[in-house]
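Input: a single structure, listed below in C-alpha cells.
The values are calculated or read from the model by the stated rules, or taken from the named source; none is laboratory data. Keep in mind it's a predicted model, so treat the numbers as computed, not measured. Note that we place each Cβ from the backbone using ideal geometry, even for glycine, and neighbour counts take in every protein chain shown. With ligands, DNA and RNA removed, areas are computed over all heavy atoms of the protein, side chains included. Shrake-Rupley method; radii C 1.70, N 1.55, O 1.52, S 1.80 Å.
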Amino acid sequence: MPRKTPPPSHSTLETPLALSQLHIRLQFLEKSHQSLLKQIKRKRTELNNFIEQTRTFATEIFHKASPSFQKMADLDQDIHTLFDEIFTTRKFGKQTFKNIEAVYLKLQFTGIISLKPSRRQFSTELDELFDNPEPESDFSRETASMSPSTLANTRICRRISW
C-alpha cells in the first residue's frame, strides 16, 4: 500500500504571499501624504499668485488715487490758509468772529478738513503751562543744569505726554 502523507500539522507556519494589513495601511498613508503635499504645493502657489495680484492691484490704485489725494491735501491747505487769513487780517465783531470760528472748528471736527489747533488755542495752552508751573520734585535735580529754553521745552513735552 502506498504511503500516505501525513496531514499538515498546525504547528507549521504558512507564509502568505498577500500583503499584511500593516503594509496596506502604510501604502494608504503614503498615498495620502503625497496627495496632501501636492495640495499644499498647489495652495501655496495659489496664495503666492493672490499676493502678487493684490500687490499689483494696490500699486495701480495708489497711482490712480495719488492725484486725487494730492488735490484733497492742497484744498485742505488752501482752506486752512483762507481761515488763517480771515482770522488775522479781517476785523469782525465778537459774535461774528465766534460764528466763523465755530464753522472752522465744525469743519475740522466733522473730518471735512484736517485738524489744526488755532493760534489762540495754542497760545492759551502755552500761557496756562507757564502760569501754573508743575511741582518739581525729582525733576528739579535733572533740570538744574539745563538752559531756560531747554527747560521750557521739557515742560511742554511732559505736559503733552500726560
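Checking L29, L19, L37 one by one, the residue that is open to solvent by 90 Å² or more (accessible area, probe 1.4 Å), farther than 30 Å from L107 by Cβ and more than 23 Å from the chain's Cα centre (by Cα) is L19 and no other. Only one entry of F62, F50, F69 meets the criterion of being open to solvent by 70 Å² or more (accessible area, probe 1.4 Å), among the aromatic types (F, W, Y) and modelled with pLDDT of 95 or more, and that entry is F50.
The condition (being among the charged types (D, E, K, R), out of contact with any strand residue (DSSP E or B) (no Cβ under 7 Å at 6 or more places or on another chain), modelled with pLDDT under 90 and open to solvent by 70 Å² or more (accessible area, probe 1.4 Å)) is satisfied by just one residue among D127, D74: D127.
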